[in-house]
1. What lysines could a cross-link reach from LYS406, if we take a straight Cα to Cα line under 23 Å and drop same-chain neighbours fewer than 8 places away?
2. Would you kindly derive the ³J(HN,Hα) couplings of the range 6-12 from the backbone phi angles with the Karplus curve 6.51 cos²θ - 1.76 cosθ + 1.60 (θ = phi - 60°), listing them in order in whole Hz, with x for Gly and Pro?
3. Calculate the spin-label point distance for ASN408 paired with GLN87, positioning each point 7 Å from the Cα along the beta-carbon direction, and give it in nanometres.
4. Express in nm, to one decimal, how much length is gained between GLN439 and LEU512 on full extension, taking 0.36 nm for each residue of separation and deducting their alpha carbon distance.
5. Straight-line reach from LYS121: which aspartates and glutamates have a Cα under 18 Å away, not including same-chain ones fewer than 8 places off?
6. Work out the P(r) tail for the range 383-573: percent of alpha carbon pairs separated by more than 31 Å, whole number.
7. Here are some pairs, LYS141/LYS378; LYS336/LYS530; LYS230/LYS286; LYS14/LYS592; which of them have Cα atoms lying more than 30 Å apart in this structure?
8. Calculate the FRET efficiency for MET458 and GLU103 from the Cβ-Cβ distance with a Förster distance of 35 Å, rounded to the nearest 0.05.
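Every read-out reported here was derived from the displayed coordinates using simple, explicitly stated rules and does not represent laboratory data. Since we're looking at a predicted model, the values are computed, not measured. Glycine gets a Cβ as well: all are built from the backbone with ideal geometry, and neighbour counts include every protein chain shown.
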Amino acid sequence: MDKLTPSQWKVIHKSYEPASTIKVIAGPGSGKTLTLLYKVLHLITVENIKPEEILIFSLTNKAVDSIIENLLSIFENSHTNKEIVHQIGCYTVHGLANRIVVENEGMINIIEEIGWRGLMKLLPPSKRTPHHFRSYKELEKVVKDYKLNNAKNNNPVIEKLVELMDNCKVMTNDDLIIRAKKYLELDSSDSDASSFTQDLHNKYKVVLIDEFQDLYPSLAPLITMICKGKQLIMFGDTNQSIYGFLGSNNEIMSQLDNLHPKNFTTVLKLFDNFRSTPEIISLASKIINRPLAEKQIIDDTDETPSELVRKLPSGVSPQIMTFDDLAAESEFIIDKITQLICSSAKFSDIAILSRTNSHLTAIASILKKYGIPYQKLKSQPDWMDDLRIQFLLDILKVCSLASDEKHNREFNTGDKWQSNFSILVTMSALKGIGDASIQALYKACGLKNLSIWKYLTMVPNFEWPLGLSIKKKMENYTSNLYEMIENDQVHQLDDPMELLEKVASITNNLNLNPTYFQSLSDAQSSLEFKTHLQEMAQVMKVSKSNKPPGISFVKWFLETYFDQTMVFHQSQQALQTTGPGTVKLSTIHSAKGLEFPIVFLTNGSMSNFPMDTNALYVGITRARNLLYMCNMKHERLVSKSSPYSRSIMSNNLFWTYYNKDLNRSVCDVKVTHGYNVQRYNQLRKNFGFYRAYSSLRCCKSVFRRI
Ligand SMILES: Nc1ncnc2c1ncn2[C@@H]1O[C@H](COP(=O)(O)OP(=O)(O)OP(=O)(O)O)[C@@H](O)[C@H]1O
């Protein structure tokens, strides 16, 4: 067991009490997450709380993955049956809300880019109307505002879109939270119901929240409802709050702080920093303009804080540099990685964190050129973001929902033609089908009081208000989907591979609009698409293996693929950590809660925006031992280091410190300084980039040969 500090034990030993709150406030690297993990172990092994009575919330899927993975290892190390970890509820707030709503409503649609673009096609054509939007993001904002204002702003066009969304169970993430809360309210009065929703009232006794500073106001209704009456244990650090753009954290925190009476609320603090070197902590303190842990905040504890910084100085300060262009910055990063790898670092020790995804993509392509293995850390697997995969999923939804309507299943949803939304979305992505055709068709369906599918299959085509060529395209669309829907084949196909093949062949015949998927042509090659398809197929297989009786495979998959993907994603990540090392690429936001021995923080040389203080602080405090900062603009940062220094390679004292910190035996460090420099020079020669910044060349996989 890790040697926990008295302040950490204090949190762990605070006994279970219903309707009470423990709030743990602490800086980065102080062991909040570690304390949370041991608290869970203690609750189960000492306080006799059952694993299924514990609910853990974190904000990102990545953080949820990491909590489960670490719980498994802590349970194993303490000789407690680690399998029981899987009985603990561990969710993101949206993951939990999704589960509640799907359980109560069946298949729902969380609207994404492809959906907003489909909705845009329904807007009147004139640029002079107030409903003309230049991008789907503008429409998204207007719909959100409309919903927030409870439709007070009398906008008939948006009203119709919102009605369509409601009928088709199309939701934004905020809607999901509100809907989930509604179901919790309903079920609280129905004590006979045995369901996941009921469990949230009756089963769970303890709710733990990691990183409370990341909660934002729209989550409040659901979170407060779930936590009320339970023991709420929350951990956080307000300096690491980086979701301010979603609303004030103070607002939700004041609701949580007042959830239980004051005499049932305990505030505890953790003082140390176990993660970073004093050199890194000193820079972080400078950024937030005060020490990480302040002695004066110690009020409700009789304990004197132990050392605020636990690690000894490493002798190496963070390097802060500016570069004129991406090539110069990239050369520095490649060169530095070469030096580090030729000393005793591993690729897997290194993380490159950036503010934006687009900058990461640029860095990734350069790492690829040099054969440096890398992996992007994302909160969900890449295949879920692939527009072509989203299109396949929408085709599956069209088939499943239209078939239900055709065969008069689920009358209450069938009445509202839930299939309409997926049909509009998929039609909008076809070549040659413009806004005017979609609008004319949609209007004609309304006049006949028919769903789009029924209209296209029941009304003779000479009545369709469409030109000849569009009619042909519509006929092609219907004939390709006909068997699946009219003969209910979609619900009979039980084999994931057959279903995928079928839907892929339908898509192939549909003549997709290339400009619709344009953003994919460069960045996402067809090879990537193939990989994404394979990943989706694996999730489908997992889904098939746990499908309960009495529901068709397609329905089960569409209702649960979000959850199933996350579970599958976790198991894949566990496999990757045992494989060959990779440099990790991540946005600063996605790296929250994580740590890496070596961190490069980069902001892109073109960006003139100063960094947000809290985001910069989060980035800096992800580093354990070495920190390199490229083009990070901030009023309290002065760039001063030379990018050409190679002193790190000859700093034996540092590398001894480094390996000790990572519990690596010094025997693992098989190289001498002379040998390191020789390997480094060899690599530089192969790269051929002695300050030839403008000529970053394809260097093949030089790294694989060392
Ligand atoms: N008592 C301890 N003894 C030794 N190492 C510890 C102790 N507590 C925590 N650590 C280590 O310190 C590091 C940071 O811990 P953890 O990730 O739990 O911090 P955190 O407070 O959640 O950080 P952040 O808020 O920055 O994400 C981890 O490597 C953890 O194993």
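1. LYS169, LYS397, LYS416, LYS443, LYS448, LYS454, LYS471, LYS472, LYS473, LYS502, LYS555
2. Per residue, the Karplus-derived 3J(HN,Hα) values read x, 5, 5, 4, 4, 5, 5 Hz.
3. A separation of 4.6 nm, rounded to one decimal place.
4. Working: separation 73, 0.36 × 73 = 26.28 nm, distance 1.91 nm.
Gain on stretching GLN439 to LEU512: 24.4 nm.
5. Straight-line reach from LYS121, under 18 Å: GLU112, GLU113, GLU138, GLU140, GLU159, GLU163, ASP166, ASP394, ASP435.
6. Values: 3415 of 18145 pairs.
Here the long-distance tail beyond 31 Å is 19 percent of all Cα pairs in the range 383-573.
7. Values: LYS141/LYS378 25 Å; LYS336/LYS530 34 Å; LYS230/LYS286 39 Å; LYS14/LYS592 27 Å.
Violating the 30 Å Cα-Cα cut-off are LYS336/LYS530; LYS230/LYS286.
8. Details: r = 34 Å, r/R0 = 0.96.
So, using R0 = 35 Å, E works out to roughly 0.55.
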